[in-house]
1. Can you give the local net charge around Val25? Use residues other than it whose beta-carbon is closer than 12 angstrom to its beta-carbon, Lys and Arg +1, Asp and Glu -1.
2. Of all GluC sites (Glu not before Pro) in the chain, which ones are in loop regions per DSSP and have a Cβ with at most 11 other Cβ atoms within 10 Å?
3. Please give me, ordered by residue number, the trypsin sites (Lys or Arg not before Pro) of the stretch 3-68 that lie in loop per DSSP and have at most 11 other Cβ atoms within 10 Å.
4. Compute the helix-to-body angle for 43-55: its Cα long axis versus the longest principal axis of the chain, expressed 0 to 90° and rounded to tens.
5. Per-residue HN-Hα couplings for the stretch 20-33, Karplus 6.51 cos²θ - 1.76 cosθ + 1.60 at θ = phi - 60°, whole Hz, x for Gly and Pro?
6. Any idea what the dipole of the chain comes to, in debye rounded to 20, about its Cα centre with Lys/Arg Cβ at +1 and Asp/Glu Cβ at -1?
Amino acid sequence: MKHKVIVDFDICDSYGACVAAAPTVFDLDDEDELVVQQDTIGDDLRAQVTDAVARCPKRAIRIEAVGGDGGA
Ligand code: SF4
């Protein structure tokens, strides 16, 4: 199942904790602004992004299931 990665950029403070947790999904650009490199992820990256959600001090990240195959 695919999941959409949603970041609330209004509250993100670019701490980069999410980058450490999921470096292929999140990155900081030259101006230390957060960049979401993949806004839709598969199960292979879900654990990393869940970790990023947990580590974000601003609680700026959430993931949402895409599609409707009834999974969680
Ligand atoms: S950990 Fe949270 S506040 Fe920090 S860069 Fe990532 S989304 Fe933004």
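All of the numbers you see were taken from the coordinates with simple rules; none came from a lab. Since the model is a prediction, treat every value here as computed from it, not as a measurement. As a convention, Cβ positions derive from the backbone with ideal geometry for all residues, glycine included, and neighbour counts pool all protein chains shown.
1. Working: positive: Lys4, Arg46; negative: Asp27, Asp39, Asp44, Asp51.
Value of the local net charge: -2.
2. Counting only loop positions with at most 11 other Cβ atoms within 10 Å, the GluC sites (Glu not before Pro) in the chain are Glu31, Glu33.
3. Arg59
4. Relative to the chain, helix 43-55 is tipped by roughly 40 degrees.
5. Using θ = phi - 60°, the values come out as 5, 6, 9, x, 8, 9, 10, 8, 10, 7, 4, 9, 6, 8 Hz.
6. Numbers: 7 positive and 15 negative charges, 94 e Å.
Using only the charged Cβ atoms, the result is roughly 460 debye.
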